[in-house]
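The values are calculated or read from the model by the stated rules, or taken from the named source; none is laboratory data. As the structure is a prediction and not an experimental result, all values here were calculated from the model. Methodologically, a virtual Cβ is constructed for each residue, glycine included, from the backbone with ideal geometry; neighbour enumeration extends over all protein chains shown. Heads up: the accessible areas ignore ligands, DNA and RNA and are worked out on the full protein's heavy atoms, side chains in. Shrake-Rupley method; radii C 1.70, N 1.55, O 1.52, S 1.80 Å.
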Amino acid sequence: MFIYLNPTICYGYFIFIILSIILINHPIYILISFLVSIFIFIRIETKKNIILKFRKILFIFIFISLVNPIFVHKGLTILFYIKDKPITLESILYGINNSLMISSLFTWFDILNKIVSSDKIVYIFKKYIPSSVLIFSICLNIIPQLKEKYKQMEEAHLISYNKNIFSKIKISLNFIAIIISWQLEKSIETAYSMNSRGYENKQKTIYKTYNFKKIDFIFIIIILFLTSFFIIGYKSFSFYPIIFFQYNIIFSPISYISFLILCFLPIFFYKKEL
Amino acid sequence: MEIIKFDNFSFKYNNNNNLILKNINLSINKGELILFIGKSGSGKTTLLKNLKIELLPYGEKKGEIYFKNISLQKFSKEILNKSIGYLGQDISTQFITEKVWSELAFGLENLNTPIDIMKRKIAEISSYFNLNNIYNKSSNQISGGEKQMVNLASILIMNPKILILDEPISQLDPISSDNFINTIKKLKSNSSTTFLISEQNISNFFEISDKIVLMKNGTIDFYGNKNDFINFIYKNDKKNSDLIFIPNFIKIIKHIDKNNITPVDVNHSIKIINTYKTLIPKIPMTTNIKNNKKIIKENIFKIENLYYKYETSNNHILKNCNLIINKQDMVSIIGGNGSGKTTLLKNIISIYKPNHGKIIFNKKYKKKNDFLLNISYLPQEVLPLFIKDSIKDELDSYYIGDNPYINIIEELEIDKLLQKNPYDLSGGELQKVAIAKSILNKPDLLIMDEPTKNLDETTKSKIGNILSCINNLGITIIYITHDIEFAGEYSKTSALLFNGEIALYDSTKNMFSNNIFYTTSTNLITKSVIKNLITFKDFKDAWGKINE
């Protein structure tokens, strides 16, 4: 169903989720967002990508959880000393919290990429900055062409026989220079093609525009509704100098649940795009 | 109704003193399909580009061009954009944006078309061209044939009165080109668009063309309908150098008797030749199939049970592929699209690593690298072979020492191109230089992927002769081709690749005379009268013997 939504709303939703994780910095919300994003990611990605992704997450997790307590010595609960530097419980927990936050951010971006294809951003802005958007679109067209050309270059010169890494790098750099001039040369023809199809005319229309439909409004209302519950029940959480948080027996669970549903929304609206 | 008129038109480029076009007078009627033929450099493209003012490089003009009886200069840019469409030969550079649909919309957007009309037109053209499946795809997800179809559609969507196609199918494989030609045929019968098509190979569009323009050195040698064209060539051409423009199926019929009517297609030719069946009492089996004695020759490499699949796909492209290449052989590999021909070549030269099976090289090569250093590889796209600023720099290293093949530079008329930058050459010229370069490498084994792509008939036969010649000097040659006529004429052995394995591996003569459909047009036509003729030359010889 996601494809029926206006891309502005799709982007808006993801920006909202990502911003709220960063700004709130509350371990329970972050844990919710982390688990849900991983869950959605597993649902929509291929096996190979999932394994790659987990490796990346594991690396981030270990790296940040270790770095924070080593360099930050705030907090009152001292566990032990390393070379006279105190390692505190708070900084360890804060490191874990941050690593979860960052890996969930990455996962959300991956999901965004998968669900809303990048070219859609083009059509949100086309109305306001048409020529920059055209350049962006041309670039998107050229990048795969450059890759293809590099491959052709390697194959034509049978570079794979060369075992010496240094000379290989030298040749590759040379190839890149050649490919760029090749592409520039060819771009002239693209310019001709643009010109011959009337690019120089001043008055233009835009073909694809996204109108707001009923479903878009429904989606906005759902988001607002959930967000209001999520904010009403929100209570602050601080790590330093000692872990301190407030809890309301009625509103806090409501807030957690509404945030959980908010995060789960893409799975209700996701349909694989062609 | 006259739509375009060239009135005593001459043109020269600013950086060149020679006139590219000399006193052209040409009048073209609405709704006709005009085929422009001529050797490369005869001025076809320049003539057509003069109609599309946006594309014309700076130069001096004399005379006038009239569009609907009004001088072309007096029209506004917008009207010319709309009414004259131009499709060039380079497929990917004409594709501007990332997505197919935005490509279709590009021209309309620039013409300030209202959105509802735009939607209707795009829907219509995508249905007409059957682009529904690729409508949402990116340019890198679709094949070259599909891309060219999108290019055509995105020009036609502006509803041009005149459509100029400059060698539109020179970069396409045979199936995509057939598809393209059929689309043009359909368009021609359904609309009043005027088509101006330039081509090196006349037979592609011959069937559907109304009139033919033969260009020579910037002048129009002939302009008229097809029948007159054939008669003109037979009447005026003393040295038979223009005969190369005539398709084989016509040549055969005309060779039998010059006063025969010109056949429309291969089928028609078969009918005509069958009338001679009764007239010729008994045609002796003129060409004997030589017994293929199993002489064990020294081989250059051997492929055993090769399996290969791409990482991304589940199916094997090559399955249980076996092939032995003998020394000093000339092997053509033929097969349909996607049968794995290029994949096989890339396995041989170790760009791809086989999943199973192996390639055993001659013992002469101690290591794999020794073998790989002694081969020349000509890829399908030849431009990456050139990394220097001029052709001269590219070929310089071959002048050192005595290179036995150095004559090739003059033979292929490359000496005229030496000062040029590789990017300024036309497709055909590049192909010539690339072939010369790979031969000058003095390889033991020459591997070529589609060597005749982009070449006109004259150059093709020249290349063919050179290949036979160097083959006699001891170079083993393997090439992939879609051009059955070329394979029939210039190869000793042919291999048919089907479903990932070598289905047939036999001498070229045996292969083509036993095939029913997949064979040269000469063989198709003459089969019912004389067997085992592969090329037009074979036919000429056989016919000569019969008449004696």
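Equivalent-ellipsoid semi-axes for segment A:64-172 (Cα gyration tensor, √(5λ), whole Å, largest first): 45, 29, 11.
Annotation for the B:A interface, with buried accessible surface near 4600 Å², both sides summed [1.4 Å probe; non-protein components not counted]. Stokes-Einstein diffusion for segment B:31-87 at 4 °C, viscosity 1.567 mPa s, with a Kirkwood radius from C-alpha pairs, works out to 101 µm²/s. Here segment B:370-510 exposes an accessible surface that is 46 percent carbon and sulfur, computed with a 1.4 Å probe and the other protein chains kept in place. Distance distribution P(r), the protein assembly as shown, all Cα-Cα pairs, bin width 20 angstrom from 0: 12, 37, 32, 14, 4, 0 percent. Give me the Debye-computed log₁₀ of I(q)/I(0) at q = 0.11, 0.15 Å⁻¹ for segment B:92-153, equal point scatterers on Cα only, no solvent, two decimals. Listed by q, the Debye log ratios stand at -0.21, -0.40.
Computed over the alpha-carbon atoms, segment B:1-133 gives an Rg to Rh ratio of 1.01, Rh here being the Kirkwood radius from the mean inverse distance.
When the alpha-carbon atoms of segment B:359-413 are used, the pair Rg, Dmax equals 14.8, 39 angstrom. The calculated FRET efficiency for the pair residue A:74 and residue A:18, based on their C-beta separation and a Förster distance of 25 Å, comes to about 0.45.
Summed over qualifying helices (DSSP H, 4 residues or more, each -39500 (n - 2.57)) and divided by its residue number, chain B shows a 222 nm mean residue ellipticity of -10000 deg cm²/dmol.
Overall size of segment B:502-542 from C-alpha positions, given as principal axis extents largest first: 32, 16, 13 Å. Which part of segment B:513-545 falls in the paramagnetic zone of residue B:276, meaning amide N under 17 Å from the point 7 Å along Cα-to-beta-carbon? Of the residues in segment B:513-545, B:521-545 have backbone N under 17 Å from the label point off residue B:276.
Each listed q (0.14, 0.18, 0.22 Å⁻¹) maps to a log10 I(q)/I(0) for segment B:125-242, found by the Debye formula over equal Cα scatterers with no solvent: -0.68, -1.00, -1.34. Anything over 18 Å Cα to Cα? Flag those among B:437/B:509; A:151/B:358; B:437/B:462; B:353/B:437; B:460/B:545; A:186/B:161, in the order listed. Where the Cα-Cα span goes over 18 Å, the pairs concerned are B:437/B:509; A:151/B:358; B:353/B:437; B:460/B:545; A:186/B:161.
Inter-label distance, residue A:169 to residue A:220: 5.4 nm, where each label sits 7 Å from its Cα along the C-beta direction.
Normalised radius of gyration (Cα atoms, divided by 2.2 N^0.38 Å) for segment A:117-204: 1.47. Peptide A:141-148 has a mean of 4 when you count, residue by residue, the C-beta atoms of other protein chains within 10 Å of its C-beta. Each residue of segment A:136-186 gets 74 Å³ once the volume of the Cα convex hull is shared out per residue. Counted over segment A:185-242 with a bin width of 5 Å, the fraction of Cα pairs per bin, in whole percents, is 4, 11, 9, 9, 8, 8, 6, 8, 8, 8, 7, 8, 4, 1. For segment B:63-169, the spread of Cα coordinates along the three principal axes comes to 46, 34, 21 Å, biggest extent given first.
Quick note on segment B:154-218: its Rg to Rh ratio, both from C-alpha atoms and Rh being the Kirkwood radius, is 0.95. Of the two radii for segment A:23-88, the radius of gyration is 1.13 times the Kirkwood radius, both from the alpha carbons; that is the Rg over Rh value.
Express in % the proportion of alpha carbon pairs of chain A at distances exceeding 24 Å. Cα-Cα pairs of chain A separated by over 24 Å account for 67 percent. Residue ranges B:163-171, B:377-385 sort as B:163-171, B:377-385 when ordered by packing (mean number of other C-beta atoms within 10 Å per residue, highest first).
Across all directions, the average flat footprint of the convex hull enclosing the Cα atoms of segment B:453-535 is 6.1 nm². Using a Förster radius of 41 Å, what is the FRET efficiency between residue A:176 and residue B:373 based on their Cβ-Cβ separation? Nearest 0.05, please. The calculated FRET efficiency here is 0.95. Per-peptide packing, taken as the mean over residues of other Cβ atoms within 10 Å, places B:400-408, B:30-38 in the sequence B:30-38, B:400-408 from highest down. Once the mean of 1/r is taken over each pair of separate Cα atoms and inverted, chain B shows a Kirkwood hydrodynamic radius of 25.7 Å. Note on residue A:188 and residue B:15: the model spin-label points, each 7 Å out from Cα along the C-beta direction, lie 0.7 nm apart. Semi-axes of the equivalent ellipsoid for segment B:301-384, computed as √(5λ) from the eigenvalues of its C-alpha gyration tensor and ordered from largest down, come to 21, 16, 14 Å.
Counting Cβ atoms of other protein chains within 10 Å of each Cβ in B:68-81 and taking the mean gives 1. For chain B, find the longest principal axis of its Cα atoms and tell me its angle to the long axis of helix B:174-190, 0 to 90°, nearest 10. Approximately 30 degrees, to the nearest 10. Taking 20 °C and 1.002 mPa s as conditions, segment B:336-444 diffuses translationally at an estimated 135 µm²/s according to Stokes-Einstein applied to its Kirkwood radius (Cα pairs). With a 10 Å cut-off around each Cβ of A:130-138, the average count of Cβ atoms from other chains is 2.
For segment A:1-124, the Cα-based Rg and Dmax, in that order, read 17.6, 59 Å.
Using the average count of surrounding beta-carbon atoms within 10 Å as a protection proxy, the listed peptides A:226-239, B:7-20, A:72-85 rank, highest first, as A:226-239, B:7-20, A:72-85.
In whole angstrom, segment A:141-274 maps to an equivalent ellipsoid with semi-axes of 53, 30, 14, each derived as √(5λ) from the alpha carbon gyration tensor and ordered largest first.
A quarter of the convex hull surface defined by the alpha-carbon atoms of segment B:400-484 gives 5.8 nm² as the mean projection. Under Stokes-Einstein, with the Kirkwood radius over Cα pairs as Rh, the value for segment A:79-136 at 20 °C and 1.002 mPa s is 141 µm²/s.
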